[in-house]
Each structure stands twice: as C-alpha cells, then as structure tokens.
Amino acid sequence: MIEFIGFVFLGLATGLIASTLGIGGGVIFVPSLVMFFGFAQHVAQGTSLAVIVPTAIVGTVLHAQRGRVNWRVAGLVAIGGIAGGLLGAWVAQSLDPDLLRRLFAGLLVAIAIRMISS
C-alpha cells in the first residue's frame, strides 16, 4: 500500500512540476524511480516514457483551452520527436546501465548549469 501511495504521489508531483514549469517529467520521474523505488535505469526510463503520454495529453488540453499551444510547431516537433524516440530507445537499450545512468546525470547537470547561468 505504501508503494502504491508513493507512486501516486510521485505522479502527482511530477505532473504538477512538469506542467507548471514546462519541463519534461522525466527529469523528476527517472531519478525518483531509481533512487526511491530501486528501479533499474532502463526500466525507469521506459516507465517514464509511458507516463509522458497521459500527462502530456492532460497538460496539452488545458493549455490549448487557453489558446497557448502553437499547433504548427507542435506538429513539426512531434514528427522529429517520433523519429528521435525510435532512435533514442534503440541507443538506450544498447548501452550499459551504469553508462546510461551517468549520461542521464550529466544531462541533468548540464541543464542545471545552463539554467543557472542564463
């Protein structure tokens, strides 16, 4: 039961933060699954990608109701995102879990540095 509550709370926190700040929920979700729930890096990333779909739909609908979605840009980026998702999943599956975790951590550090310095 505690794990169930933990997953629901994680989803709530991730959805709230991602929708409020306009960031990918995986930045919060993947490290949380690894650190707090003991998920393997590959499983955490795959689970995070599955969670993006309903979260993105809800966030998009609410923003679209206020006219805050540029559908042309969204469509074009989605085309690239589909291709990138296929390629990225293939690459991730071929990487050692420790290397994948380090790459993910490096990306988070790079994003943090960029955001702090701008």
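The values are calculated or read from the model by the stated rules, or taken from the named source; none is laboratory data. Since we're looking at a predicted model, the values are computed, not measured. Glycine gets a Cβ as well: all are built from the backbone with ideal geometry, and neighbour counts include every protein chain shown.
A few notes on this one:
- Residue match in segment 64-76 (condition: over 24 Å from residue 5 (Cβ atoms) and under 16 Å from the mean Cα position of the chain (by Cα)): no
- Residue under evaluation residue 94, criteria (1) modelled with pLDDT of 95 or more; (2) of a type in the set (Ser, Thr, Tyr); (3) surrounded by 15 or more Cβ atoms within 10 Å (Cβ to Cβ), criterion not met: (3)
- Among (1) among the aromatic types (Phe, Trp, Tyr); (2) at pLDDT 95 or above; (3) in a helix (DSSP H, G or I) - the single one residue 29 does not satisfy: (2)
- Within segment 11-26, the residues that satisfy the criterion of being part of a helix (DSSP H, G or I) and either free of Cβ contacts under 8 Å to residues at least 12 places away in the same chain or over 26 Å from residue 69 (Cα atoms) (or both) are 12, 16, 17, 20, 21.
- Index of the failed condition, residue 39 passing every other in (1) in contact with a helix residue (DSSP H, G or I) (Cβ under 7 Å, 6 or more places away or on another chain); (2) loosely packed, with under 13 Cβ neighbours inside 10 Å; (3) hydrophobic (A, V, I, L, M, F, W, C): (2)
- If only residues of segment 42-70 that are among the polar types (S, T, N, Q) and surrounded by 12 or more Cβ atoms within 10 Å (Cβ to Cβ) are counted, the one that is modelled with the lowest pLDDT is 55.
- Residue satisfying all of: in segment 1-36; under 20 Å from residue 105 (Cα atoms) and among the hydroxyl-bearing types (Ser, Thr, Tyr); surrounded by the most Cβ atoms within 10 Å (Cβ to Cβ) among these: 14
For every residue, the table says whether it meets (1) free of Cβ contacts under 8 Å to residues at least 60 places away in the same chain; (2) aromatic (Phe, Trp, Tyr); (3) more than 16 Å from residue 18 (Cβ to Cβ).
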{"site": "51", "(1), (2), (3)": "yes, no, no"}
{"site": "55", "(1), (2), (3)": "yes, no, no"}
{"site": "71", "(1), (2), (3)": "yes, yes, yes"}
{"site": "86", "(1), (2), (3)": "yes, no, yes"}
{"site": "90", "(1), (2), (3)": "yes, yes, yes"}
{"site": "101", "(1), (2), (3)": "no, no, yes"}
{"site": "114", "(1), (2), (3)": "yes, no, yes"}
{"site": "118", "(1), (2), (3)": "yes, no, yes"}
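- Yes/no for residue 101 being of a type in the set (D, E, K, R) and surrounded by 13 or more Cβ atoms within 10 Å (Cβ to Cβ): yes
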